[in-house]
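Got a structure here, written out as structure tokens. Questions coming.
The values are calculated or read from the model by the stated rules, or taken from the named source; none is laboratory data. What you see is a predicted model; the values in this text were computed from it and never measured. FYI the Cβ positions are ideal-geometry reconstructions off the backbone, even for glycines, and counts take in every protein chain you see. Remember, those area values only see protein heavy atoms, side chains included, never the ligands or the DNA or RNA. Shrake-Rupley method; radii C 1.70, N 1.55, O 1.52, S 1.80 Å.
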Amino acid sequence: MGKRAAALVGYTEWAPQRKWDRPMFSMEACAALAAEALADAGIEKGEVDGLVVGGLQESPLFPTLALAEYLGIESSFNEVVDIGGATSAGMIWRAAAAIEVGVANTVLVLVPSTPAPMEGGADPRKMIMPPYLMGDAWGSPQGQFDIPYGLVAATSSFAMVATRYMAKYGVSPETLAKIAVHERDNALKNPKAVFRDKPISVEDVLKSPMVCDPIHLLEMVMPCFGGGAVVVTSAERAKRARHRPVFVSGYGECVTHKTVTYMKDMTMTPAKASADRAFRMAGADRKRIDLASFYDCFTITVLLTIEDAGFAAKGQGGRFVEEHDLRWSGDWPLNTHGGQLGMGQGGSAGGLSHVLDSMRQIQGRAGDVQLKKADLAYVTGVGGLMAANVGLVLEGA
Amino acid sequence: MRVEQPFSEDGRPIPRRTPTTAPYFDAAREGRLILQRCPRDGFFFYPRSRCPVCLGDDWKWEPVSGRGSIYSFTVDRAGLDPAQRAQLPLVIAAVELEEGPRMTTRIVGCKPEQVSVGLPVEVRFEDVGRETLIHFTPRPSR
Ligand SMILES: [Zn+2]
């Protein structure tokens, strides 16, 4: 029996879009996300006493202070989380932990990822990634030891992980491609997915352009704008919630490095430490999960998570993928929303999409992809260059 | 968007040294590879103010062999850094030195198809603008 102190009770999720039609500042997005998530939960704004964000574009200093003021909330728990793609999952357990220790009762987890309006008629709608992952400030090790050599982005970093894994354990490109193919099948049922129109085959993946060996274009996420929010509240308050409460029954987090070069072993990710802690805390057996919502910036990320989170022995992840049907209708459902590979990566809200996938399934709100049994799920977040890992065991009340 | 990275005249990003890391770049300019060595924990990379194992500050700069092997690599065919597109395809690698530490580098002087995990390599310095980059090239087997 894991933790039963805090539960996810309401959410909202904006469909990821390559081009965003309604530019808005982060705080404007937060206000809209908050209103929508609270309405979904059936909880009044006056009950909110905690705020968790990942940073605000137009108010980078003291962001939670600015947010409390903007939203008119007196907040006793104010947290800024920035662990890359693991941020959303990391926000969820921090909210749950705050509720468990009693510093807050109802926490808003807000993940805005919209372009700000621009003056002078410039078009703000196009997604521009920050150059060099913001590692170029004077004094940053990356600017001196990585960027001049071309290691500037996630793709080349994860590609080095994949190269090392292939050399050490051997996994076929076809097996990795299968992950993208099955996730795409799931995305076809998700009206909010960018890639909801057409299925892809293993051959399509392997014929798509090689971006960074051995990663093909169709094994990478499409960067988009987006946004999402979750209402986390106490078990007591959750009893009167509109939807089935989803307990955050176990969690773990592990950070070991930022740049992939300094991973102790490029084939062993921090997913092990976070999963071991999360499942121990939840008192749950990995074999009992009804679905896996794994962070999937690249196909190799999913393969390594399957191994390191303990679902397959080291080196056996490829065999696991070959032996299982990962579609929503399959024997081991993975990312029934299509993952970020199928849905598009709605900025930082891409990480939240995995939390929401499991949440929808457990609440019985997953529409066309609803599983017959969805009581226990494992969610992961991966941040930096295979560097930060968060695991969440979610369980229906 | 503000970028603090300095660039060479031909547009490539170059390191911006700090007071702590300057000796490393000075040595590279002279064609020598030096690393910090902690008396308890040995060599470490990248250069920093204290040993990443014990946080001691009694390290000393020492020359290393400049030999190592490719721990992993990728071939960037898309030009993830627009400033380095003129060099495509880029072989980006993590090289493990004989002395232990691993460094991010580029593999030069060979075709991408000749690069593999475990390949023995040796350092090759390349002056770019006012700084010197530390690249590696396949090492002829004796
Ligand atoms: Zn030391």
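Considering only residues that are more than 7 Å from chain A (Cβ to nearest Cβ) and in contact with a strand residue (DSSP E or B) (Cβ under 7 Å, 6 or more places away or on another chain), which ones fall in the stretch B:7-20?
Passing the criteria: B:PHE7, B:SER8, B:ARG12.
Out of curiosity, is A:LEU356 at negative phi and outside any helix (DSSP H, G or I)?
no
Identify the single condition in (1) modelled with pLDDT under 95; (2) open to solvent by 10 Å² or more (accessible area, probe 1.4 Å); (3) in contact with a helix residue (DSSP H, G or I) (Cβ under 6 Å, 6 or more places away or on another chain); (4) more than 8 Å from chain B (Cβ to nearest Cβ) that A:GLY135 does not satisfy, given that it satisfies every other one.
Result: A:GLY135 passes all but (2).
Sticking with this one: Of the numbered conditions (1) part of a helix (DSSP H, G or I); (2) without any contact (Cβ under 8 Å) to a residue 40 or more places away in the chain, A:ASP331 satisfies every one except a single condition; which is it?
(1)
Residue-wise test of (1) within 14 Å of another protein chain (Cβ to nearest Cβ); (2) open to solvent by less than 10 Å² (accessible area, probe 1.4 Å); (3) not aliphatic (A, V, I, L, M).
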site	(1), (2), (3)
A:GLN144	yes, yes, yes
A:PRO148	yes, yes, yes
A:ALA159	yes, yes, no
A:MET166	yes, no, no
A:GLU174	no, no, yes
A:ARG184	no, no, yes
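Quick one: in the stretch A:206-242, which of the residues that are of a type in the set (S, T, N, Q) and within 22 Å of A:ARG365 (Cβ to Cβ) is farthest from the other protein chains (Cβ to nearest Cβ)?
Filtering first and then ranking leaves A:SER234.
What's the number of the condition B:ALA27 fails, among (1) at the interface with chain A (Cβ under 7 Å from one of its Cβ atoms); (2) not in a strand (DSSP E or B)?
(1)
May I pose another question? Consider the stretch A:249-297. How many of its residues are under 15 Å from the mean Cα position of the chain (by Cα), of a type in the set (Phe, Trp, Tyr) and open to solvent by 10 Å² or more (accessible area, probe 1.4 Å)?
Total satisfying the criteria: 2.
Restricting attention to the stretch B:30-53, and to residues there that are away from the ligand (no atom under 16 Å from the Cβ) and assigned to a loop (DSSP other than H, G, I, E, B), which single residue is least open to solvent (accessible area, probe 1.4 Å)?
Selected residue: B:LEU33.
Then there's this: Does B:PRO63 satisfy the criteria of being touching a strand residue (DSSP E or B) at 6+ places or on another chain (Cβ under 9 Å), more than 14 Å from every other protein chain (Cβ to nearest Cβ) and of a type outside the set (Phe, Trp, Tyr)?
Yes: the conditions hold for B:PRO63.
Keeping to the stretch B:83-106, report how many residues are of a type outside the set (Asp, Glu) and open to solvent by 10 Å² or more (accessible area, probe 1.4 Å).
10
From B:GLY56, B:GLY109, B:GLY118, B:GLY100, which residue is over 28 Å from A:THR256 (Cβ atoms) and in a loop (DSSP other than H, G, I, E, B)?
Of the residues listed, the single one that is over 28 Å from A:THR256 (Cβ atoms) and in a loop (DSSP other than H, G, I, E, B) is B:GLY109.
Further question: I'd like to know if the stretch A:303-310 contains one or more residues that are under 13 Å from A:THR269 (Cβ atoms), hydroxyl-bearing (Ser, Thr, Tyr) and either in contact with a strand residue (DSSP E or B) (Cβ under 9 Å, 6 or more places away or on another chain) or in a loop (DSSP other than H, G, I, E, B) (or both).
Checked the stretch A:303-310: at least one residue is under 13 Å from A:THR269 (Cβ atoms), hydroxyl-bearing (Ser, Thr, Tyr) and either in contact with a strand residue (DSSP E or B) (Cβ under 9 Å, 6 or more places away or on another chain) or in a loop (DSSP other than H, G, I, E, B) (or both).
In addition: Could you figure out which of (1) more than 25 Å from B:PRO6 (Cβ to Cβ); (2) open to solvent by 50 Å² or more (accessible area, probe 1.4 Å); (3) not β-branched (Val, Ile, Thr); (4) not in a loop (DSSP other than H, G, I, E, B) isn't true of B:SER141?
It is condition (4) that B:SER141 fails.
To continue, here is another question. Looking for something under 26 Å from A:MET134 (Cα atoms) and more than 9 Å from every other protein chain (Cβ to nearest Cβ) - is there at least one such residue anywhere in the stretch B:104-126?
Within the stretch B:104-126, one or more residues are under 26 Å from A:MET134 (Cα atoms) and more than 9 Å from every other protein chain (Cβ to nearest Cβ).
Right, next: Could you check, for the stretch B:58-75, whether at least one of its residues is within 15 Å of A:PHE145 (Cα to Cα) and either more than 16 Å from the ligand (Cβ to nearest atom) or at pLDDT below 95 (or both)?
no
Hey, another quick one. Specify which of the listed residues (A:GLU203, A:GLU219, A:GLU236, A:GLU253) is touching a Gly at 6+ places or on another chain (Cβ under 9 Å) and among the acidic types (Asp, Glu).
A:GLU253
Oh, and also: When the stretch A:5-56 is examined, which residues are found to be β-branched (Val, Ile, Thr) and part of a strand (DSSP E or B)?
Those that are β-branched (Val, Ile, Thr) and part of a strand (DSSP E or B): A:VAL9, A:THR12, A:VAL52, A:VAL53.
Pairs under 9 Å by beta carbon, first residue on the phi > 0 side of the Ramachandran plot in the stretch B:20-43, partner open to solvent by 10 Å² or more (accessible area, probe 1.4 Å) and within 16 Å of the ligand (Cβ to nearest atom), six or more apart or different chains?
Note: pairs meeting the criteria are B:GLY42/B:VAL53; B:GLY42/B:GLU99; B:GLY42/B:GLY100; B:GLY42/B:PRO101.
Are any residues in the stretch B:79-102 facing chain A (nearest Cβ under 7 Å) and at pLDDT 95 or above, and if so, which ones?
B:LEU90, B:ILE92, B:ALA94, B:ARG102
Oh, and also: Would you pick out the residues in the stretch A:272-295 that are touching a strand residue (DSSP E or B) at 6+ places or on another chain (Cβ under 9 Å), part of a helix (DSSP H, G or I) and closer than 23 Å to A:ILE362 by Cα?
A:SER274, A:ALA275, A:ASP276, A:ARG277, A:ALA278, A:PHE279, A:ARG280, A:MET281, A:ALA282, A:ARG286, A:ARG288, listed by residue number.
OK, next. Determine whether A:GLY42 is in contact (Cβ under 8 Å) with a residue 40 or more places away in the chain, under 23 Å from A:MET359 (Cβ atoms) and either acidic (Asp, Glu) or surrounded by fewer than 20 Cβ atoms within 10 Å (Cβ to Cβ) (or both).
yes
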